[in-house]
Structures are given as C-alpha cells and as structure tokens.
C-alpha cells in the first residue's frame, strides 16, 4: 500500500469550467429578470414599450392575461385602463419567458406601489386570464369575480375571447 498514491479529491478542469459557466448564466439571468423600465407606449391591454436604464426600448407582453384586441369590443377601454395604471411610470419587471414567438419578453409587471398589473387588469374586467399559459389560482379567481359582477368586458352579453377573435380574423 505504500506505493499507491493518496487519492486527493480534486475537481476536474471540465467540471470547474461547467460550474463557473452555470453560475455566470445564473447571475446574468438573475440580473435580467428583475429590473425597472419607464413605460413609454401602451400598444394594447397586454402589450407595452418600456425604456431601460440604458435607454433601450423594449416591447413587453404581460404574463397571465390576454386582453381584447384593438379592433375588438373593449379593446380601447382595456388599453386605456392599462395606460392609467402604468403609462409614464417606472415599473418593476420580472421576466417569465425571455421571448415569445414575436420576440417579446413575457413579464410580470408591478406598479410603483407594488400592485400586480395582471391582477389589476383581471379585477377590472379588462382582460381574460390566459389559462392556456398560466394556472395561477388568484388570476382565475379575479376573472371569475369580474365575470360574476359583470364589470368591464364582462358587462357585454357575449364577450369574445381574444384568441377566438384572432382565429376568426385569420379565416377571412
């Protein structure tokens, strides 16, 4: 046994590099997921442009909701409601998905006072809970309460979901 070398615990260079890279990715991801933007444009009830501290204009999609399209009933009211909540203000952004199929980050948005914008839009009846992509129980409850109270778009006798509205426009 004297001839055998002591087996010291060593991390191979490959494993060490992998750990460093993973940590770096985690760090940069963390920095990109929580930041603030100044709202410079409201596109519709679930999409807006924000200006970063580096003056980069980014188009964002709000997570968990789907608002009426511009040419749809309540489209302008939904856009105006979102505008009243956040336009011209600096809001906190938390990234859910770095890029949707249109290249927009899908984000949670929080007003300067800390209110969840998705929740506020749902409570006011200005958007549908986008259950296809989100299963947040509170969001489902807010939509259900707005429906029951017939507020916002739920005052309409036959509200059409934005995804159905978009489908009907594609068929033409």
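Summary of computed values
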{"quantity": "Zero-based 10 Å bins, Cα pair distances in the stretch 105-172, whole percents", "calculated": "20, 45, 29, 6, 0"}
{"quantity": "Fewest-first ranking of 134, 164, 46, 116, using other Cβ atoms within 10 Å as the exposure measure", "calculated": "164, 134, 116, 46"}
{"quantity": "Extension gain from residue 158 to residue 54, taking 0.36 nm per residue of separation minus the Cα-Cα distance", "calculated": "33.0 nm"}
{"quantity": "Sorted by Cβ density within 10 Å, fewest first, the residues 150, 101, 61", "calculated": "101, 150, 61"}
{"quantity": "Tensor-based shape of the stretch 33-156 (alpha-carbon gyration tensor, a/c under 1.5 rounded, otherwise prolate or oblate)", "calculated": "prolate"}
{"quantity": "Contour excess over end-to-end distance, with Cα ends at residue 94 and residue 135 and 0.36 nm allotted per residue", "calculated": "13.0 nm"}
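Computed from the coordinates by the stated procedures, all read-outs in this text should not be read as laboratory data. Since this is a predicted model, take the numbers as computed values, not measurements. Heads up, the Cβs are rebuilt from the backbone with ideal geometry, glycines too, and the neighbour counts pull from every protein chain shown.
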